[in-house]
Amino acid sequence: MAHTYHGAYATFDTPAALYHAAEEITKAGYTQTDAHTPFPVHGLDRALNQGVSHVGWIAAICGLIGIALGQLMMWWMNGYDYPLWVSGKLPYAWQSTIPINFETMILLTAFGAVFGMLLINKLPRHYSPFFKYSQAERASDDGFILVVEARDPKFDQAKTVQLLEKLGGKHVELVQE
């Protein structure tokens, strides 16, 4: 029975070693890569050519929708559905809606950021082949793990493992799906 692999995994001792290995893997032409670290490593996403996150745009759009919905809600409640004339002021005045607009903007921005991040990261994920890696628990403590996924067009079992070992990777393993 043929094994289907998720990828080649390697552990590095320091963030600098991981960063260097990530740069070399990218230079070698690998595109389907990932890294697992116990804390953020500055510039690692650039070294792996992962691009920018779109969560900020999702949150900004949701914030603008929050402002629009807040205005619509206040117009409906104060100006149309149940108008009240207090001290000779118009039932609907946009200046009086600023606190509500701020609150709806913050609420929908937070929802957009959280749910956008979950959507982009494909979470919640109930299973990941990463957990089959013998050193997986080190990613939350002191391990810096680099993954080259098998779906990468340049992935070759033997050559990828050799390259990770050459770059200083320890516990280099092929992990099955």
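The values are calculated or read from the model by the stated rules, or taken from the named source; none is laboratory data. Every value quoted in this text rests on a predicted model; they were computed, and no experiment measured them. Neighbour counts are summed over all protein chains in view; Cβ atoms, including those assigned to glycine, are modelled from backbone coordinates with ideal geometry.
Only one of the numbered conditions (1) hydrophobic (A, V, I, L, M, F, W, C); (2) within 27 Å of the chain's Cα centre (by Cα); (3) outside the structural domain of LYS154 (by TED's automatic domain parsing) is not met by LEU72, and that is (2). The stretch 1-118 holds no helices (runs of 4 or more DSSP H) entirely within its bounds that carry 2 or more residues that are exposed (fewer than 15 other Cβ atoms within 10 Å of the Cβ) and in contact with an Asp or Glu (Cβ under 7 Å, 6 or more places away or on another chain). Residues that are of a type in the set (D, E, K, R) and either free of Cβ contacts under 8 Å to residues at least 24 places away in the same chain or in contact with a helix residue (DSSP H, G or I) (Cβ under 9 Å, 6 or more places away or on another chain) (or both) were ranked within the stretch 146-177; the one that is nearest to GLU24 (Cα to Cα) is LYS166.
Looking across the stretch 66-94 at every residue that is of a type in the set (S, T, N, Q) and modelled with pLDDT of 85 or more, the one that is farthest from ALA110 (Cα to Cα) is identified as ASN78. Out of all the residues in the stretch 161-177, which are in a helix (DSSP H, G or I) and either under 26 Å from the mean Cα position of the chain (by Cα) or surrounded by fewer than 16 Cβ atoms within 10 Å (Cβ to Cβ) (or both)? Residues satisfying the conditions are GLN162, LEU164, GLU165, LYS166. The condition (being over 23 Å from the mean Cα position of the chain (by Cα), on the phi < 0 side of the Ramachandran plot and aromatic (Phe, Trp, Tyr)) is satisfied by just one residue among TYR127, TYR80, TYR133: TYR80. If we scan the stretch 136-143, do we find a residue that is in contact with a Pro (Cβ under 9 Å, 6 or more places away or on another chain), basic (Lys, Arg) and either modelled with pLDDT of 95 or more or part of a helix (DSSP H, G or I) (or both)? There is at least one residue in the stretch 136-143 that is in contact with a Pro (Cβ under 9 Å, 6 or more places away or on another chain), basic (Lys, Arg) and either modelled with pLDDT of 95 or more or part of a helix (DSSP H, G or I) (or both).
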